[in-house]
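Reviewing the structure listed below.
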Amino acid sequence: MNRRTFNEELVSSLPILPAEREALLPLARTEGPAFPKGLIARGLLTPEALRKAYESACGIPSFRRDAADVRQVPPDLLPLPFLRARMIVPVDLTDGTLIVAMADPLDMDGREAVAKATGRRVEVQVGTDEEIREAIEKVYGEGSSSMERLVEQVGEEGEERTGDERVERLIGAASEAPIIRLVNYILARGIERGASDIHLEPYEKTLRVRYRIDGILEDVESPPKRLQTAMISRIKIMARLNIAESRLPQDGRVKLRIGGKEIDFRVSTVPTLFGESVVIRILDQSSVPLNLERLGFPPVTLSRFRQMMAVPHGMILVTGPTGSGKTTTLYGTLQEIRSEARKIITIEDPVEYQIPGVNQIQVKPQIGLTFASGLRSIVRQDPDVILVGEIRDRETAEIAIHSALTGHLVLSTLHTNDAAGAITRLMEMGVEEYLLPSSLIGVLAQRLVRTVCEKCSAPREISPAYREEILRETGFAAEGDLRTGKGCEACGGTGYRGRMGIFELLPVDGEIKDLILARADSGAIRERAVARGMALLREDGWDKTRRGITTIEEVLRVTSGG
């Protein structure tokens, strides 16, 4: 059974309303392997129900044996990082047949990689994520993992404290050497794996740790629930937050030297039903490409964007959802245009990276320093270039536009799906349409796609049926140097390593200005821009797919609905 058919059958089996089922079907067809995990995250499906669905729909036997009883396969047969990333555990090896248990038995690339690496016929069983992870660590993780060894050192002193206990007890628990080592281990491992964020999520009986790697959240080994309060208190102490306050959200920063370099961490806590949830953003400036050439711009798009940057006054917008690389693009733009002859001021929430020669302001709503109030003050500082982290309301939009009209180059972001949508979004905020043609230079929409791992990249063949389906649904002819990552130690078995932007650039010129004045909708603006040569996000994605940079699934994942 192929992935799409399985996902559709999964939707049909859910006890939900017909309208909800209709809404899920498009996601079932485009999200691929992420779809069942999304259902679990939404609470619509349990891991055990997913296992039974694989059993009944695909005829795949279940992996239910205790991890301690699994017959150990030679440890050098498959690399441990590959097993962890692909969620595969070898179960038995007899007569040239390797039996493996998989959390995703429809992962054909994973199965093929196992067969090629071992030279054996592969048979598959299905298990839950938790079962596979436990079996990998207990049987193939050299007995006990680094996490387990650190947890053993904590002992019972790290038991969870109640909210009524004194602050001194919290400080004491958080200051224990094993707790400090455990928190440092989680941070260091996140940096080692190239994570952008570390999530610590408390549930009734567990504390879940996840890393966001190349835009995708991945479960990793987690400490026991009893250490939750001590660990979160340690993180709050590091970020200089109030550890006695667990009822309100808090934000802080901490700078640590890890692996020979200084790295900033931004810490955010929010109270949840079972304790404080913590997200740690890793701000490693050395890993951020602030050079526009390295972001993945097509040559023609980059040339046009640079022409816009050269305009002395006006506004350039960068649009896309959270995590689409908008801030990185704006920082790269500032790197190119900054000079001794220009004064550049930014107002951001938060200031993620420090740029030499640029005056950067952090908004502080609690004392009245908002985007709008800060922008008013910035204009009186005689700047040449102003960067506004995000336009969120009419007041900020109007001040930014008036700044663009009065001789400043203004750069900012908006949360819209495409370039044309930014124009109609401004009008929906209440900006008068006659102000936009005079102030707006252009709009850049973008997304980030994962790139195929260079170490394990291999030619990819797709079936005629899949080729025809892609052409019918997207208009994309699946041809060219199509590649796929087979999974290796360098990419952690995912087949992807790193990310690159795909872009859509809308210049606001004569015909587009006429449409704005006529209050045309985003569809009409987009249609006219395409007729004048604008390449859509998906077209740039297809171009990168043809050149073997990314995959069909990645382009569909980030552009569906956009």
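The values are calculated or read from the model by the stated rules, or taken from the named source; none is laboratory data. Predicted model, so just to flag it, every value in this text is computed and none were measured. In this analysis, Cβ positions are derived from the backbone assuming ideal geometry, glycine residues included, and neighbour counts consider all displayed protein chains. Side chains are part of the model used for accessible areas, which takes the heavy atoms of the whole protein and leaves out ligands, DNA and RNA. Shrake-Rupley method; radii C 1.70, N 1.55, O 1.52, S 1.80 Å.
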Please enumerate the residues belonging to the stretch 200-213 that are open to solvent by less than 30 Å² (accessible area, probe 1.4 Å) and not hydroxyl-bearing (Ser, Thr, Tyr).
LEU200, GLU201, PRO202, LEU207, VAL209, ILE213
Can you tell me how many residues in the stretch 474-498 are open to solvent by 30 Å² or more (accessible area, probe 1.4 Å) and either without any contact (Cβ under 8 Å) to a residue 40 or more places away in the chain or part of a loop (DSSP other than H, G, I, E, B) (or both)?
9
In the stretch 10-58, residue modelled with the highest pLDDT [restricted to those that are in a loop (DSSP other than H, G, I, E, B) and of a type outside the set (A, V, I, L, M)]
THR46
Could you check GLY501 against (1) under 21 Å from the mean Cα position of the chain (by Cα); (2) of a type in the set (Gly, Ala, Ser); (3) in a loop (DSSP other than H, G, I, E, B) and say which number it fails?
(3)
Among the candidates LEU283, LEU292, LEU273, single out the residue that is within 30 Å of ILE179 (Cα to Cα) and at pLDDT below 90.
LEU283
Give me the pairs, please: first residue somewhere in the stretch 14-25 and on the phi < 0 side of the Ramachandran plot, second residue anywhere and among the basic types (Lys, Arg) and part of a helix (DSSP H, G or I), beta-carbon distance under 8 Å, and either six or more positions apart or on two chains.
LEU14/ARG21
Residues located in the stretch 140-152, provided they are at pLDDT 65 or above and in contact with a helix residue (DSSP H, G or I) (Cβ under 6 Å, 6 or more places away or on another chain)
LEU150
Quick check: anything in the stretch 513-532 assigned to a loop (DSSP other than H, G, I, E, B), without any contact (Cβ under 8 Å) to a residue 40 or more places away in the chain and open to solvent by 50 Å² or more (accessible area, probe 1.4 Å)?
yes
Just need a number here: residues in the stretch 548-557 that are at pLDDT 90 or above and open to solvent by 20 Å² or more (accessible area, probe 1.4 Å).
1
Could you tell me which of the residues ILE232, ILE263 is within 26 Å of the chain's Cα centre (by Cα), more than 25 Å from PRO81 (Cβ to Cβ) and surrounded by 18 or more Cβ atoms within 10 Å (Cβ to Cβ)?
ILE232
Residue satisfying all of: in the stretch 246-255; under 19 Å from ASP197 (Cβ atoms) and either touching an Asp or Glu at 6+ places or on another chain (Cβ under 7 Å) or among the β-branched types (Val, Ile, Thr) (or both); most open to solvent (accessible area, probe 1.4 Å) among these:
LYS255
Note on the stretch 502-537: residues small (Gly, Ala, Ser) and at negative phi are GLY510, ALA518, ALA520, SER522, GLY523, ALA524, ALA529, ALA531, ALA535
All positions within the stretch 445-473 that are assigned to a strand (DSSP E or B), closer than 13 Å to ILE549 by Cα and not basic (Lys, Arg):
LEU448, VAL449, THR451, VAL452, SER457, ALA458, PRO459
Of the residues in the stretch 402-451, those that are among the hydroxyl-bearing types (Ser, Thr, Tyr) and open to solvent by 10 Å² or more (accessible area, probe 1.4 Å) come to THR406, THR416, THR424, TYR434, SER438, THR451
So, in the stretch 355-367, of the ones that are part of a loop (DSSP other than H, G, I, E, B) and touching a residue at least 12 places away in the same chain (Cβ under 8 Å), which residue ends up nearest to GLY325 (Cα to Cα)?
ILE355
Scan (1) surrounded by fewer than 17 Cβ atoms within 10 Å (Cβ to Cβ); (2) over 30 Å from SER268 (Cα atoms); (3) in contact (Cβ under 8 Å) with a residue 24 or more places away in the chain for the single condition ASN291 breaks and write down its number.
(2)
So, in the stretch 96-130, exactly how many residues are out of contact with any strand residue (DSSP E or B) (no Cβ under 9 Å at 6 or more places or on another chain), open to solvent by 60 Å² or more (accessible area, probe 1.4 Å) and either of a type in the set (Lys, Arg) or outside any helix (DSSP H, G or I) (or both)?
2
